[in-house]
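Heads up, the thing below is written out as structure tokens.
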Ligand code: 5GP
């Protein structure tokens with residue numbers, strides 16, 4: 001798995017084949033559940049863009065894609081609980097079958113805020129698809145309709161997830177060693 005990083009810097013949690021296989025399964029499940037309908041995928045930037053790209057291409061139902069950006073961790077690895085919309089959707093979701101596509105759920109605060117806010121815009125339906133579920137530090141419960149993997153309480157990067165803007169392009173998910181990200 002060399003070529004991206006120094007071996008001393010990482011511990012691989014999910015390899016590229018495992019991720020690709022699971023994303024394909026999620027795409028198949030969504031395609032089955034939404035047969036005959038168009039889905040409106042809400043990609044939560046920036047962390048979900050790699051997941052969205054693979055998930056969307058594994059769908060066999062028609063899909064519309066729009067993007068939203070929320071404030072999140074910044075350069076730290078702890079959530080502040082403060083959520084803010086930095087970039088809103090460009091299209092109305094009223095009457096649409098919306099699926100929020102998120103990279104990871106940790107405290108659940110970001111997703112809770114997003115779900116409550118999007119519900120007020122009267123979509124026909126609203127579901128949540130997350131690649132990674134980190135239940136250990138959950139403080140706000142949000143039903144997760146599609147989950148890629150449940151993972152332990154560790155700070156992970158790769159496949160869209162960053163630390164201070166880095167590692168998003170890495171095609172696997174790994175745990176950053178604490179000495180690399182002092183918290
Ligand atoms: P929550 O509001 O659920 O605590 O946090 C959600 C956001 O925090 C995610 O969308 C992601 O941006 C960030 N986050 C949570 N856990 C991790 C992690 O292990 N690694 C990275 N890179 N970001 C994380």
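What percent antiparallel are the DSSP beta bridges of the chain, to the nearest 5?
Antiparallel bridges make up about 30 percent of those DSSP assigns within the chain.
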With Cα coordinates, the longest principal axis of the chain makes an angle with the long axis of helix 109-119, in degrees rounded to 10, of 10
For the chain, the longest principal axis of the Cα atoms and the Cα long axis of helix 16-33 enclose an angle in degrees, to the nearest 10, of 10
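A short reminder: the numbers here are calculations on the coordinates, not readings from a lab. It should be emphasised that the depicted structure is a prediction, and the values quoted were computed from it without experimental measurement.
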